[in-house]
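Only the coordinates and a few stated rules stand behind these numbers; no lab work does. Here the structure is a predicted model, which is why all the values come from computation and not from measurement. No Cβ is skipped: glycine too gets one built from the backbone with ideal geometry, and neighbour counts run over all protein chains shown.
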């Protein structure tokens, strides 16, 4: 079984379904509410585990009741813990409209530990930048071992961390923030010139584009919930790399998994499984 190490943020999400995303101050009513696990790294870890990987999640969460609940939710998804506990757990308030688009307000936690646990053995790793000390340790371990190391390039990605990854996959807003360039072809070329690894960006329904490589279009779907879709993409892509797939095949697989997730409303229990995909 492929062993993945995912490193970064875990969050407790408070998800409201609304008729329309708010555009003004005042009171707004939701049509339903869920309290679910979330966060870039945690979402990606669960996605990869449901696709058949053995996944260790290196993350930090508060020494509080919310942290206990989040740890329990991750255990229910067969995630191997490499947790650092202390302070207050990150939280997000999320609103999702009928088209699946979302608005997020995030509390990143407080007084969380800085020092990561020991880095376990792995076949590939995926990191975000929300716990930079741990991400640096994991990416350096991957480089020393010659293992695939994917960085999730959201906003505020430090170049020093991006330079350690074998693959940096930005979101479109993350790439613009990293380069300061609005036009995506120029922004992608700029990032690729600055970073030693392979560089790409994902852009929702427009798919993924690699610098000096392929553009893999997204599937056309009727989306009902995009929450966590980018994280699911990263988890699926890293697993496909670990299985030896090339950029096109790994990106195509990740596009399919993320698109499937977007056709389903809900949290981790709605993520696609390897059994579902094998029977399609």
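Observations
- Taken over the alpha carbons of the range 22-75 as equal point scatterers, the Debye sum produces base-10 log I(q)/I(0) values at 0.24, 0.30 Å⁻¹ of -0.95, -1.25.
- The label-point distance for residue 144 and residue 21, in a model that sets each label 7 Å from Cα toward Cβ, rounds to 4.3 nm.
- The range 169-219 and the range 1-18 have Cα centres lying 23 Å from one another.
- By other beta-carbon atoms within 10 Å, ranking 256, 234 with the fewest at the front produces 256, 234.
- The rule of thumb for compact globular proteins, 2.2 N^0.38 Å, goes into the C-alpha radius of gyration of the range 80-228 1.13 times.
- At 1.002 mPa s and 20 °C, Stokes diffusion of the chain via Kirkwood alpha-carbon radius, µm² per second: 114 µm²/s
- The order of 54, 276, going from fewest to most other C-beta atoms within 10 Å of their C-beta, is 276, 54.
- Order of 92, 10, 32 - criterion: other Cβ atoms within 10 Å of each residue's Cβ, fewest first: 32, 92, 10
- Computed FRET value (nearest 0.05) for residue 278 with residue 97, which takes r as the C-beta separation and R₀ as 30 Å: 0.35
- Debye intensity ratio in log₁₀ form over the Cα atoms of the range 143-268, taken at each q of 0.12, 0.14, 0.19 Å⁻¹: -0.42, -0.57, -1.03
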